[in-house]
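**Student:** I'd like to ask you about the structure that follows.
Just so you know, all these numbers are worked out from the coordinates, no wet-lab data involved. Because the structure is a prediction, the values reported are computed rather than measured. Heads up, the Cβs are rebuilt from the backbone with ideal geometry, glycines too, and the neighbour counts pull from every protein chain shown.
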Amino acid sequence: MRFLDALLGRTKPVQPDLDALFAVPAAATTLQAALDLVATGAGAVCFKTAEGQAAARAQADALALLTADQAARVAVSQDEYGYTWIAGRRDPDDLAGLVTDLHAVNSTLADAGYGPSLLCTVIGFTGAGVRRLGLVYLFKRGTFYPFAPTGAHSRDNALELEVRAQLGGELPVEADLGRWFPIWTTPAL
């Protein structure tokens, strides 16, 4: 069957590597030391909403995990492209707790069979002045990339390249700059 799938161009959906998120707290130390960027305590998971009762139950289970912890604040929203964002917020000093929360959301959705629907996870950072940075994890690629918005539809490419240089040894950074998509509507920034 694999031979026919290859001939006909059919592929199995890529399953996300959710544990890659646990490398972010160590990378945050590098960002703070090298670029004076600190975690904001905000993060969000973006996924394509599926229809049906099973999908609604999976999303409700993910939210229940987050709202059970009094330290986490949670919000759900949809963007103009039809993607759902589950955003979490914690004390900025509790980046490990935020990453655990985001991992729990991702795991719950993946375990319910919606792993291929996961688009990305974004974790927010900020620096001196108005510098903002989102560290974006692409599930289908298994890589991170920096996104530094400066306005409604402008971004700080120099900062993004600096972050790539600093984190190259700590995180799997997306090599193809064409895949560094702007995520203007993320609630994590």
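**Student:** Using beta carbons and a limit of 8 Å, which pairs, at least six apart or on different chains, have the first residue in segment 87-111 and among the polar types (S, T, N, Q) and the second one crowded, with 22+ Cβ neighbours inside 10 Å and not in a helix (DSSP H, G or I)?
**Tutor:** The qualifying pairs are 106/16; 106/45; 106/118; 106/121; 106/139.
**Student:** Then there's this: Filtering segment 141-155 down to residues that are crowded, with 17+ Cβ neighbours inside 10 Å and under 20 Å from residue 31 (Cα atoms), which residue is farthest from the chain's Cα centre (by Cα)? Before the answer, list the steps.
**Tutor:** Initial filter on segment 141-155 (crowded, with 17+ Cβ neighbours inside 10 Å): 141, 143-149, 155.
Cutting the leftovers down to under 20 Å from residue 31 (Cα atoms) gives us 143-149, 155.
Values: 143: 10, 144: 8, 145: 10, 146: 11, 147: 11, 148: 14, 149: 15, 155: 18 Å.
By that ranking, first place goes to 155.
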